[in-house]
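See structure below.
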Amino acid sequence: MSEGIIRALVTGGSGGIGAAICRRLAAAGRFVYVHAHRHSAAAQAVVEDIVRAGGAAAPVQFDLTDLNATRAATERMLEAGPVQILINNAGIHEDAVFPGMSAEQWHRVIDVSVNGFYHVTHPLLLPMLRTRWGRIITLSSVTALAGNRGQVNYAAAKGALNAATKALSLEVASRGVTVNAVAPGIISSGMGESAFDPAAIAALVPMKRAGSAQEVAALVAFLASEEAAYITGQIISINGGMF
C-alpha cells in the first residue's frame, strides 16, 4: 500500500447503503469523497456526521451520466492526489414489465449504472495504477444473478457491471489493484425495502429478514482493505442465503 492518505470516492454516497459505506470507510481512516447528483444536502449531512465522528470527508456533486461533468469533477479530486478506493454504488430503478417498458426507462437505468461506471472509473484508473495499490468495488444486485420480474433493465445493467468487473480485474491484477462486485439481496435501506413486505421477505430469505446497509458496508470495507489483497474478479453475494 502507498504511504499517506488513502482517498476514497463513493458514488451515490448520499443514499442509505452509500452513506453507510462512506461512514465505514471514514472510520477505517480513509478520506472519503461523498458523491451525490441531486441530493447534495444529504451528502453534506453525511460529511458532517463523518467529521463529527473524527473522520475526514468532503462532498462532491456531479451527474454520472454526463461525461464532461464527471471528467471535470474527477480532475478536481485528482488535484489532491490519486483516488485509490472507488466504490461504484450509484444506481437507479425504473421498474416496468418489459412489454410496457419505455425506451427512456431502459436507457436511464443503463446510463447511470453502466455508462456511469465508465465515466468515473476511466479517469481515476491510471493514477490509481501508478500507486500500485487500489480497490474498485461495484455494487451489483441479486437481480443480476437470479433475475426479477419488472427489472429487465436493472438486471441488464447490473449484469453488465458484473462482466466488466471480471474483465477489468484481469487487466489490473498485476498492479496491486483489485476489482470486485458486491451483490446485495433484500436490504432494509433505500430501493430494496420498498419492494417487499415482511411476509414476502420471510418467504424469500432463509434468514427471514432483510439485511442492513451496515452489513453491506462491512463487506465493502473489508474488500477495500489490505486484508482483501488476494480477492479480485469476484461477485460476492450478501443475501441471507437466498440462493
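We did not get these values from a lab; they are worked out from the coordinates using the rules stated. Bear in mind that the values here come from a model prediction, so they are computed numbers and not experimental data. So basically every Cβ, Gly included, is an ideal-geometry build from the backbone, and we count neighbours across all protein chains shown.
Within the listed set Gly54, Gly16, Gly116, the Gaussian network model of the chain (springs between alpha-carbon atoms below 10 Å) gives the highest mean-square fluctuation for Gly54. Shown in residue order for the stretch 34-44 are the 3J(HN,Hα) couplings computed by the Karplus curve 6.51 cos²θ - 1.76 cosθ + 1.60 at θ = phi - 60°: 9, 8, 8, 9, 8, 9, 5, 5, 5, 5, 4 Hz (x for Gly and Pro).
FRET efficiency for the Ile236 to Glu79 pair, using the beta carbon distance and R₀ = 35 Å, is estimated at 0.60. If R0 equals 51 Å, the separation of the Cβ atoms of Ala146 and Val51 corresponds to a calculated FRET efficiency of about 0.80. Whole-Hz Karplus values for the stretch 78-91 come out as 5, 4, 8, x, x, 9, 9, 10, 10, 10, 7, 9, 5, x Hz, taken residue by residue from phi with 6.51 cos²θ - 1.76 cosθ + 1.60 and θ = phi - 60°; glycine and proline positions read x. Amide H contacts of Gly134 (H built 1.01 Å from N, in plane; Pro and chain starts excluded): Val177, Thr178 sit under 5 Å, all sequence-distant by 5 or more or on other chains. Among rounded, prolate and oblate, which fits the stretch 29-105 when a ≥ b ≥ c are the square roots of the eigenvalues of its C-alpha gyration tensor, a/c under 1.5 means rounded, and a/b larger than b/c means prolate? Prolate, since a/c reaches 1.5 and a/b exceeds b/c. For the stretch 138-158, backbone nitrogen atoms closer than 20 Å to the point 7 Å from Glu171 Cα along Cα-to-C-beta are found at 138-140, 157-158.
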